[in-house]
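Participant: There's a structure below that I have some questions on.
The values are calculated or read from the model by the stated rules, or taken from the named source; none is laboratory data. As the structure is a computational prediction, the values presented were derived from the model and not from experiment. Positions of Cβ are generated from backbone atoms using ideal geometry, with glycine treated the same way; all protein chains shown enter the neighbour counts. Ligands, DNA and RNA are stripped out before the accessible areas are found, and what is left, the full protein with its side chains, is counted by its heavy atoms. Shrake-Rupley method; radii C 1.70, N 1.55, O 1.52, S 1.80 Å.
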Amino acid sequence: MGKHLIIANWKMNLTIHEGSLLVHKLSELTQNHRTVDVVLAPGFLNLQSLNLQIDHSKFKLCAQNFYWRDAGAFTGEVSANQLRGLVSYALVGHSERRHIFGEAGREIGRKVQAAIRHDIKPVLCVGETAMERGDGETNDVLHDQLVAGLANVTSDDMKHVIIAYEPVWAIGSGNSATPDDVEKASAMIRRQIQHMFGAQVARDVQVLYGGSVSMDNARGYLDTKGVNGLLIGGASLHADQFASIIKTAHQSLSGKK
Ligand code: 13P
């Protein structure tokens, strides 16, 4: 059984000072569990100072976004080339990027490739909207997002790719998916990955769940077959809640199916 991967997505929250304070509290509240990889995705401005502040055996850093070209006249953008060495992971295709900023399949695929090119593990986020779910299109949406996001990725590259199932209707809504929903989605994701890259890659790929994860419901997902970790928004902004989820992740591995 592999480790659990727990990612804190701060989104556009916390000042540099508040972020530093949160990590300080979190360090005090968490032990270094060999069974859990803990990853922080603060805003860009926090990355450099946190890189100096954190104990790297305890926390890794993640970018929330980046542009797929390496350099050039792209005002306001940050490239994977610039993030290289600073972050170990980067979110790609988060639903807020897709739905608020209009990111689409081809661009998301290019970002996955750019991350891999620069030794950054892409966390490809996929998930259906409430309307798509209502129309019974969840599997089609996951299929299309995986095909576009993983275009031109090789089986070997897949060792570095993580998939996060984040149903749009569950994000920030308090209306989390059930572990049963997540088990089905994870199975669908692995079937599609098997189709594209073979059975071994489908077994090995880490699949996370995100969407209104809390201290109270985290264990249910972590104990779910096919789920390797969590992508957490709101609850990651509170040191005590996030530390409690890390502890839960550590405990759940012993009883994992
Ligand atoms: P919440 O945990 O706030 O629902 O956010 C989930 C998310 O989007 C993490 O990327």
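Participant: Relative contact order of the stretch 1-50, please, whole-number percent, based on alpha carbon pairs below 8 angstrom and at least 6 residues apart.
Facilitator: It rounds to 62 percent for the stretch 1-50.
Participant: Let me ask something else. What's the carbon and sulfur percent of the stretch 125-257's accessible surface, probe 1.4 angstrom, rounded to a whole number?
Facilitator: 48
Participant: When the dipole is taken about the Cα centre of the stretch 1-154, and only Lys, Arg (+1) and Asp, Glu (-1) are charged at their Cβ, what size is it in debye, to the nearest 20?
Facilitator: 540
Participant: For each pair in Lys60/Lys184; Lys25/Lys184; Lys58/Lys159; Lys25/Lys247; Lys11/Lys121, compute the distance between the two Cα atoms and list the pairs where it is over 26 Å.
Facilitator: In this structure, Lys60/Lys184; Lys25/Lys184 exceed 26 Å between Cα atoms.
Participant: Another one. Quick one: Debye curve from the alpha-carbon atoms of the stretch 123-189 only, equal weights, vacuum; give me log10 I(q)/I(0) at q = 0.16, 0.23, 0.26, 0.28 Å⁻¹ to two decimals.
Facilitator: One equal scatterer on each Cα of the stretch 123-189 leads to -0.55, -1.02, -1.22, -1.35.
Participant: Can you tell me the dipole magnitude for the stretch 141-257 around its Cα centre, using point charges on the Cβ only (Lys, Arg +1; Asp, Glu -1), in Debye to the nearest 20?
Facilitator: Rounded to the nearest 20 debye, it is 340 debye.
Participant: Whole number in Å², please: accessible area per residue of the stretch 150-247, 1.4 Å probe, ligands, DNA and RNA not counted.
Facilitator: Per residue, the stretch 150-247 has an accessible area of 41 Å².
Participant: Can you find, among Thr248, Thr178, Val168, the residue farthest towards the positive end of the dipole of the stretch 118-257? Put +1 on the C-beta of Lys and Arg, -1 on that of Asp and Glu.
Facilitator: It is Thr248, whose Cα lies furthest towards the positive end.
Participant: Could I ask something else about it? For the stretch 207-241 and the stretch 152-194, compute the distance between their C-alpha centroids and round to whole Å.
Facilitator: 13
Participant: Return the loop-located GluC sites (Glu not before Pro) in the stretch 88-192 (DSSP other than H, G, I, E, B) with at most 11 other Cβ atoms within 10 Å of their own Cβ; answer none if there are none.
Facilitator: Counting only loop positions with at most 11 other Cβ atoms within 10 Å, none of the GluC sites (Glu not before Pro) in the stretch 88-192 qualifies.
Participant: Another one. Taking every Cα atom in the stretch 160-222, find the radius of gyration and the maximum pairwise distance Dmax, and write them in Å.
Facilitator: Here Rg and the maximum Cα pair distance are 12.4, 36 Å.
Participant: State to the nearest 20 debye the size of the charge dipole of the stretch 21-108 about its Cα centre, where the only charges are +1 on K and R beta carbons and -1 on D and E beta carbons.
Facilitator: With Lys and Arg at +1 and Asp and Glu at -1, about 120 debye.
Participant: Okay, helix-only estimate at 222 nm for the chain: each DSSP H run of n ≥ 4 adds -39500 (n - 2.57), divide by all residues, round to 500 deg cm²/dmol; what do you get?
Facilitator: One gets -12500 deg cm²/dmol as the mean residue ellipticity at 222 nm.
Participant: With N set to the residue count of the stretch 1-160, report its C-alpha Rg divided by 2.2 N^0.38 Å to two decimal places.
Facilitator: Dividing the Cα Rg of the stretch 1-160 by 2.2 N^0.38 Å gives 1.09.
Participant: Fully extended, how many nm does the chain gain between Asp240 and Asp55 (0.36 nm per residue separation, minus their Cα-Cα distance)?
Facilitator: Computed gain between Asp240 and Asp55 is 64.8 nm.
Participant: Roll a 1.4 Å probe over the protein chains and send me the accessible area per residue for the stretch 1-76 in Å².
Facilitator: On a per-residue basis, the stretch 1-76 sits at 55 Å².
Participant: Net charge around Leu50, counting only other residues with Cβ within less than 13 Å of its Cβ (Lys, Arg = +1; Asp, Glu = -1)?
Facilitator: That sum, taken over residues with Cβ under 13 Å, equals 0.
Participant: What does the convex hull of the Cα atoms come to per residue for the stretch 40-93, in Å³?
Facilitator: 78
Participant: How much length, in nm to one decimal, is gained on full extension between Leu86 and Lys25, taken as 0.36 nm per residue of separation minus their Cα-Cα distance?
Facilitator: Value of the extension gain: 19.8 nm.
Participant: At a probe radius of 1.4 Å, what is the per-residue accessible area of Met131, in Å² to the nearest 10?
Facilitator: Counting only protein heavy atoms, the figure is 150 Å².
Participant: Additional query: Sequence gap at least 6, Cα distance under 8 Å: using those rules, report the relative contact order of the chain to the nearest whole percent.
Facilitator: 21
Participant: Right, next: Mind giving me the nanometre distance, one decimal, between the label points for Ser214 and His17, set 7 Å out from Cα along Cα→Cβ?
Facilitator: 3.1
Participant: In the stretch 61-152, which chymotrypsin sites (Phe, Trp or Tyr not before Pro) fall in coil by DSSP and have 16 or fewer other Cβ atoms within 10 Å?
Facilitator: Here the sparse-neighbourhood loop sites are Phe74, Phe101.
Participant: DSSP loop trypsin sites (Lys or Arg not before Pro) in the stretch 17-107 with at most 11 other Cβ atoms within 10 Å of their Cβ, which ones?
Facilitator: Those satisfying the criteria are Arg34.
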